[in-house]
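These notes concern the structure reproduced below.
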Amino acid sequence: MTGLQFEGKTVLVTGGGSGIGRAACQRLGQEGANVAVADLDKKRAEETVSLIESVGGEAIAIAADVSSEADTVAMFDAAKQAFGGIDHAFLNAGMLQPYVPFEEVSLEIFDRVLAVNLRSVFLGLQQARTRLRPEGACVVTASAAALLGFSEAAAYATSKHGVLGLVRSAARAFADRGLRVNAICPGNVLTPMNGVPQDNAITDVLDDPDYRGGLSAQHIAEVALFLLSRRSAGINGHAQVVDAGYAAAFPPFDAE
Ligand code: NAD
């Protein structure tokens with residue numbers, strides 16, 4: 001396989017206004033994709049579009065709340081209308097919860113986190129399965145918190161465990177339509193979600209992060225692009241951990 005990996009392909013990216021989603025949009029733009037950048041924050045999505053256009057790519061910004069069925073349908077409609085069809089979807093938008101002990105998680109927080117992180121993926125997968133063109137793929141951003149419990153973020157960890165259940169369960173339905181669906185499980189990524197200012201830098205050569213250390217958004221984006229691309233044609237219904245070894249061995253957290 002030579003040339004640009006996503007030449008002539010259209011990719012819808014949710015949460016494309018920041019962090020992992022923005023890095024994926026930038027890399028997809030470099031690889032020749034038409035990128036539909038969806039985000040709750042339209043202004044941030046428009047900034048991502050400008051970054052893509054500044055390197056000669058094509059993109060549109062879409063305002064959408066991924067927990068809304070109507071917004072989810074409308075965002076797929078908008079991408080199709082702009083580019084004539086959709087090949088791939090990166091369902092990446094998500095939210096963190098305030099860190100509190102398990103017994104202090106309010107029902108309001110629980111319901112909102114489950115809606116934004118899990119209901120959204122159900123809605124997005126239902127749309128992607130029927131609307132992606134054959135040979136397309138869907139990637140969903142789960143988390144290392146899909147593999148380990150999280151005492152200070154029970155709603156978040158629960159939502160991400162659920163994401164893996166959806167991805168594994170949807171694999172057959174996707175395969176029946178000539179499509180694939182996989183998850184990615186990032187560890188600690190240095191993005192605005194973790195209080196780190198947005199960094200739009202994209203590099204040709206990634207650094208090796210420290211063992212169990214922080215990763216850049218691009219570390220995650222590169223694996224998302226691989227799972228969206230034909231290079232991963234043999235992978236369906238699985239989760240790829242990208243965590244610099246964080247969840248690989250005991251102890252799961254550094255001894256204090
Ligand atoms: P981020 O906060 O930098 O970006 C998240 C983006 O999602 C923002 O632009 C935000 O506006 C958007 N968003 C939030 N709620 C939305 C909604 N309801 N509808 C549409 N868009 C919405 O965060 P990030 O670190 O890039 O996180 C991206 C994904 O990666 C999330 O699913 C997150 O749970 C997951 N993740 C992040 C980390 C990490 O350490 N940063 C680790 C594991 C998993």
How far is helix 120-131 tilted, in degrees, relative to the longest principal axis of the Cα atoms in the chain, given as a value from 0 to 90 rounded to the nearest 10?
-> 20 degrees
In the full protein assembly as shown, how much of Glu58 is accessible to a 1.4 Å probe, in Å² to the nearest 10?
-> 110 Å²
Contact order normalised by residue count of region 10-242, Cα under 8 Å, 6+ apart, percent = 21 percent
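For Gly234, what is the net charge nearby, where nearby means another residue's Cβ is under 14 Å from its Cβ and Lys, Arg count +1, Asp, Glu -1? Working shown, then result.
Details: positive: Arg180, Arg230, Arg231; negative: Glu135.
Neighbour charge sum, excluding Gly234 itself: +2.
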The answer for the chain, accessible area per residue at 1.4 Å probe in Å², is 46 Å²
Picking from Ile109, Ile184, Ile62, which is most flexible by a Gaussian network model of the chain using Cα springs under 10 Å?
-> Ile109
Counting alpha carbon pairs within less than 8 Å and at least 6 residues apart, what relative contact order, in whole percent, applies to region 187-246?
-> 46 percent
Can you bin region 10-242 into rounded, prolate or oblate? Criterion: square roots of the alpha carbon gyration tensor eigenvalues sorted a ≥ b ≥ c, rounded for a/c under 1.5, prolate for a/b above b/c, oblate for the rest.
-> rounded
Using only Cα atoms, tell me the angle between helix 19-30 and the longest principal axis of the chain; keep it within 0 to 90° and round to the nearest 10.
-> 20 degrees
With every protein chain kept in place and a 1.4 Å probe, the residues Met75, Met95, Met193 fall, from largest accessible area down, as Met193, Met95, Met75
Give me the net charge of Val13's neighbourhood, meaning all other residues with Cβ under 10 Å from the Cβ of Val13; Lys, Arg count +1, Asp, Glu -1.
-> 0
Total charge dipole magnitude, region 21-117, about the Cα centre, Cβ charges on Lys, Arg, Asp, Glu only, Debye to nearest 20 = 300 debye
Computed E for Ile235/Leu4 - FRET, C-beta separation, R0 25 angstrom, nearest 0.05 | 0.75
GNM top mover of Leu123, Leu148, Leu225 - the chain, alpha-carbon springs below 10 Å | Leu148
Taking only Cα atoms, what is the 0 to 90° angle, nearest 10, from helix 217-228's long axis to the longest principal axis of the chain?
-> 60 degrees
Stretched fully, the stretch from Thr130 through Glu152 gains (0.36 nm per residue minus C-alpha distance, one decimal, in nm) 4.2 nm
To the nearest 500 deg cm²/dmol, what mean residue ellipticity at 222 nm is calculated for the chain from DSSP H runs of n ≥ 4 alone, each contributing -39,500 (n - 2.57), summed and divided by the residues?
-> -11500 deg cm²/dmol
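Once you list every other residue whose beta carbon is under 13 Å from the beta carbon of Gly56, what net charge do they have if Lys and Arg are +1 and Asp and Glu are -1?
Computed value for this residue: -4.
The values are calculated or read from the model by the stated rules, or taken from the named source; none is laboratory data. All values derive from a computational prediction rather than experimental measurement. Please note: Cβ atoms are built from the backbone with ideal geometry, for glycine as well, and neighbour counts cover all protein chains shown. Ligands, DNA and RNA are stripped out before the accessible areas are found, and what is left, the full protein with its side chains, is counted by its heavy atoms. Shrake-Rupley method; radii C 1.70, N 1.55, O 1.52, S 1.80 Å.
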